[in-house]
1. Between residue 20 and residue 61, what length comes free when the chain is fully extended (0.36 nm per residue of separation minus the Cα-Cα distance, one decimal in nm)?
2. Ignoring everything except DSSP H segments at least 4 long, calculate the 222 nm mean residue ellipticity for the chain; use -39,500 (n - 2.57) per segment, divide by total residues, nearest 500.
3. Just check the chain against the gyration tensor rule for me: Cα atoms, a ≥ b ≥ c as the square roots of the eigenvalues, rounded for a/c under 1.5, and otherwise prolate or oblate depending on whether a/b exceeds b/c.
4. Can you tell which of 35, 16, 58 shows the greatest fluctuation in a Gaussian network model of the chain with Cα springs below 10 Å?
5. Going by a ≥ b ≥ c, the root eigenvalues of the Cα gyration tensor, does segment 1-43 fall in the rounded group (a/c under 1.5), the prolate group (a/b larger than b/c) or the oblate group?
6. Within segment 41-55, which residues have the backbone N less than 14 Å from the label spot 7 Å out from residue 10 along Cα→beta-carbon, could you tell me?
7. When Lys and Arg each count +1 and Asp and Glu each count -1, what net charge do the other residues less than 14 Å away from residue 30, Cβ to Cβ, add up to?
8. What helices in the chain pass both tests, a Cα length along the helix axis of 20 Å or more and a mean Kyte hydropathy of 1.0 or higher, using whole DSSP H runs?
Amino acid sequence: MLSHFLIIALVIAVYMTGGFIIAQLKQRNDIVDSMWGLGFVIVAITALILHGEATFRMIALASVVIIWGGRLFFHIARRNHGK
């Protein structure tokens, strides 16, 4: 069975590689800049799902990371929109 860390690393590697390919095809590197925030969200959600039973502390920590990563994504995406 794969380690949870390895699974999370594979998920984020696929996500970021896909974003890099899209950015290269569109010739817009700001796409990858925006993706960083959602990368943190993906890691938090994947870790929560893989763990199985989640405690209150795990859910609270994942929620804070999801809020922060979402805010980071929207801030950078809004800043780069229209450039």
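1. Details: separation 41, 0.36 × 41 = 14.76 nm, distance 2.82 nm.
So the chain would gain 11.9 nm between residue 20 and residue 61.
2. After summing the helix terms and dividing by the residues of the chain, the value is -29500 deg cm²/dmol.
3. Working: a/c = 5.19, a/b = 1.55, b/c = 3.35.
In terms of gyration-tensor shape, oblate.
4. 58
5. oblate
6. Answer for segment 41-55: 50.
7. Around residue 30, the surrounding residues sum to +4.
8. 4-26, 30-51
All of the numbers you see were taken from the coordinates with simple rules; none came from a lab. Owing to the predicted nature of the structure, the values given are computational and were not obtained by experimental measurement. Cβ: placed from backbone, ideal geometry, glycine included. Neighbour counts: every protein chain shown.
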